[in-house]
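As structure tokens, the structure follows; a few thoughts come after it.
Derivation of every value follows stated rules applied to the coordinates shown; laboratory data play no part. Just so we're clear, the structure is a prediction, and the values are computed from it rather than from any experiment. Cβ placement follows ideal geometry from the backbone for every residue including glycine, while neighbour counts extend to all protein chains displayed.
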Amino acid sequence: MKQIVIISFFIFPLWLSGQSKYTISGYITDAGSGERLAGATVYNKSTGKGTATNTYGFFSLTEKEGLYNLSCRFVGFREHTVNLELKNDTLINIPLQKGVEIEEIKISAQRQLRGNPELSVLNRQQVDMQMVESAPVILGERDILKTLQFMPGIKQGAENTAGYNVRGGSADQNLILLDGVPVYNVNHLMGFFSVFNTDAIKSAELIKGGIPARYGGRLSSVLDVAMKEGNMKESRGMFSISPVAGRITYESPIKVDTSAFIVSLRRTFFDLPMVAFQKLNGDNYNFGYYFYDLNAKANWKFNPGNRLYLSFYSGTDKLFHNTRESKTEKSSYNYNWGNFTTVLRWNKMFSPKLFSNLALYYSRFNHLQTGKAESEDAHTLFKTTTRLDDMSLKTDFDYYIQTQYTLRFGAKVSHLTFNPNIIQLKSENSDVSFNEQNRSNARQAEIYVENAFSFGRLGLNIGSRVSGYFTGKKSYIHFQPRLAVNLHVTPSFSVSTSYTQMAQNMHLLTNSSLGMPTDLWVASTDKIGPQLSSQVTLGIAYESGQNFIFGVEGYYKKMNHVIRFDEGVAFLNPKESGWEDNVLVGEGKAYGVEFLTEKQKGRLTGIFSYTLSRSDRKFDALNRGNWFPFKYDRRHDVSVLAEYKLNKLYNKSRSISVGFTLQSGNNLSMPDTEFEGMLLPGTDFADHPIVWQKRRFTYSNPNNFKMPAFHHLDIGYNITKEKTENKSITWSFSVYNVYNRMNPWYYYKKDGKVKQVSVFPLIPSVGFKYTF
């Protein structure tokens with residue numbers, strides 16, 4: 001594989017270079033806001049050649065001198081045609097108007113043009129933001145991650161949670177990017193909501209097979225989420241409210257067609273009525289919970305070749321309880337966790353064929369618990385901290401050598417700091433800390449090369465990523481080859497295959513025996529190496545015009561150096577020498593077949609997906625060294641998400657949406673044996689209040705309990721009234737779990753019996769949105 005990459009890097013550019021030609025380059029934008037459109041297509045009707053815009057809306061197309069007719073398209077926008085006479089290198093900006101084409105478009109080469117044409121429709125899935133906005137939801141809160149879970153091969157962790165598992169992997173094996181910055185915790189309220197405020201999101205794309213070499217650091221998938229850039233034409237705003245949260249968004253040009261900004265805030269209401277009631281009641285305490293998300297972004301276009309972006313995100317969950325017994329005696333408890341990300345990016349077009357992006361970013365996940373008690377003569381403090389800091393500098397280049405060949409290359413350097421579960425106890429006479437030995441630092445350096453070819457019906461991407469990870473006295477170097485091939489046997493029928501090797505240098509510690517686990521990010525160390533995986537896929541797809549897509553794809557994935565807490569371990573023991581003593585290292589495998597039917601246009605749109613899969617794990621110290629099912633090994637998964645647009649009445653648009661999910665149950669570890677524990681001398685066993693010290697459990701057979709099948713039906717109704725050209729009101733009505741299926745959320749064992757806990761019955765909700 002190494003020799004193939006080297007040959008492709010040096011030989012193909014020479015082979016493709018020939019007679020002098022000229023290059024048409026530029027950007028495709030939204031005519032209404034000036035935002036650049038990633039993945040839009042540019043098709044030369046005169047020659048049958050074409051290309052797609054990159055992440056920043058840039059395209060480059062090389063042709064001979066002559067008269068040409070260019071057709072530009074993007075989903076949700078009207079086609080735009082440009083006629084030009086090519087005599088020299090030409091830079092153009094192409095604005096597209098929003099709108100939907102009613103007529104069907106004949107199958108042509110243009111349909112095959114899209115970002116990453118070498119990837120199959122099942123390996124690369126673009127999230128339809130219109131579907132996100134119209135899908136039935138719980139408590140009125142739209143969520144990208146929950147919409148993703150209707151896709152084949154993507155399984156939710158627990159009912160109505162944002163966490164997801166891809167093709168037999170665990171949740172930490174998904175690289176989730178917000179404007180190119182990793183987000184290390186995507187959950188609010190134990191995962192019931194994600195950190196993504198859809199009012200601030202422009203697009204999202206998931207890649208789960210044939211992952212290009214420009215992505216790295218996780219084993220299973222990449223979710224690339226892009227924030228809106230801000231309207232460069234006019235000021236616009238949006239206000240929305242649901243039963244649990246309110247959102248407000250405002251965007252405006254700083255200087256028309258030159259610079260713009262956007263700010264979006266979401267906050268829940270859980271705490272407001274509770275605190276108000278406690279104050280009115282005259283209580284000497286107050287408690288509550290809320291979370292918020294704040295997104296902000298600004299961009300400056302200095303000239304056609306240079307543009308600067310500055311993005312910011314902050315999101316936090318806050319749980320608090322404060323008590324005042326008297327003027328001198330009071331106590332407080334605060335439990336906060338959340339993310340902070342920021343990135344400065346510089347886009348530069350060096351020439352009509354060479355485009356670059358330089359980014360400096362910082363990402364932090366912080367988990368903090370504090371307890372304070374104060375009196376006249378004593379002050380005590382209890383604090384636990386978990387924190388991950390990631391500071392990185394990266395650069396990416398797109399070199400459009402010829403229409404058929406694009407060379408992508410780049411590099412990244414990172415400094416990571418891990419502080420898992422640091423405990424501090426402080427009073428007037430002492431100040432003691434535990435788990436200080438778990439602090440660690442790591443440095444990381446990565447380079448990659450991609451060779452993307454498009455020869456008519458054949459799309460090919462061959463490349464590699466080399467990563468170096470340096471921690472303690474250990475250095476880990478990994479060469480990760482990537483290959484993706486997509487061949488259109490006919491204009492409508494294609495065959496695809498891919499091979500991917502990935503390396504992940506960090507681990508997420510999750511206790512499998514708890515219903516609500518505490519997750520800790522830790523670095524690979526001298527004892528515990530990085531996780532590794534290799535995956536191969538093979539699939540076929542049939543695309544009928546632009547209306548229907550049918551796809552079938554099989555995959556096989558092998559994982560090494562996966563870790564988990566030893567059974568029965570619930571936290572990091574301060575007396576241990578390090579977290580490595582509480583975990584087991586093993587291997588995993590996953591394989592399956594995915595089926596997809598998707599309708600993209602017309603009044604009825606949506607997807608039907610089915611996945612037949614298996615995922616297993618093996619650890620020498622568990623289950624006598626034999627394979628056992630992964631916690632989220634769900635053999636069968638059927639999902640349907642659809643929207644039907646009703647006839648428009650005057651200025652009102654109406655639609656009905658339906659979501660249905662049927663899945664095999666998860667696997668849980670239930671204790672095999674329960675016996676009495678041994679207390680300290682002098683302790684009264686009968687009166688001892690701490691149950692876990694009175695009983696001990698053994699876990700000889702992990703994931704030995706299969707939960708029953710999980711299913712629910714949701715329906716939604718949306719009505720939008722256009723008041724003026726720029727003002728509209730939208731009402732959204734949803735019913736979650738229409739037939740009141742009490743799906744188990746988790747189980748526990750009590751007195752030898754397994755008890756079920758269900759959380760979500762039938763839940764109606766309503767949401768309101770005002771756009772101005």
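A Förster radius of 60 Å combined with the Cβ-Cβ distance from Phe350 to Arg654 puts the calculated FRET efficiency at roughly 0.75.
What's the FRET efficiency of Lys755 with Asn429 using the Cβ-Cβ distance as r and R₀ = 45 Å, to the nearest 0.05?
0.55
When you filter the trypsin sites (Lys or Arg not before Pro) in the range 621-653 for DSSP loop state and at most 16 other Cβ atoms inside 10 Å of their Cβ, you are left with Arg635, Lys648.
Using r as the Cβ-Cβ distance of Glu374 and Phe277, and R0 as 22 Å, what FRET efficiency do you calculate, to the nearest 0.05?
Plugging the Cβ-Cβ distance into 1/(1 + (r/R0)^6) gives 0.30.
Loop-resident chymotrypsin sites (Phe, Trp or Tyr not before Pro) (DSSP state other than H, G, I, E or B) in the range 144-248 with no more than 15 further Cβ atoms inside 10 Å of their Cβ are absent. When restricted to Cα atoms, the range 717-772 yields an Rg and a Dmax of 19.7, 65 Å, respectively. In terms of Cα atoms, the Rg and Dmax of the range 399-466 work out to 24.0, 77 Å. With helices as the sole contributors, the chain gives -1500 deg cm²/dmol at 222 nm; each DSSP H run of n ≥ 4 counts as -39500 (n - 2.57), and the sum is divided by every residue. Once the Cα-Cα distance is subtracted from the 0.36 nm per residue extended length, the Glu234 to Leu360 segment shows a gain of 42.4 nm. For the pair Met742 and Lys474, label points projected 7 Å from Cα toward Cβ lie 4.8 nm apart. A crude spin-label estimate for the pair Arg614 and Ser544, with each label 7 Å from Cα along the Cβ direction, gives 3.4 nm.
If the segment from Val495 to Ser314 were pulled out straight at 0.36 nm per residue, it would be longer than the present Cα-Cα gap by 60.9 nm.
Principal-axis analysis of the Cα atoms of the chain puts helix 271-280 at an angle of about 40° to the longest axis.
Taking 15 Å as the cut-off, the amide N atoms of the range 637-662 that come nearer than this to a point 7 Å along the Cα-to-beta-carbon line of Ile719 belong to 646-657.
Quick check on packing: order 200-210, 374-384 by the mean number of other C-beta atoms within 10 Å, highest mean leading.
Taking the mean over residues of other Cβ atoms within 10 Å, the ranking is 200-210, 374-384.
Here, the chain yields an orientationally averaged convex hull projection of 36.3 nm² when only Cα atoms define the hull.
Between the helical axis of 2-16 and the longest alpha-carbon principal axis of the chain there is an angle of about 30 degrees.
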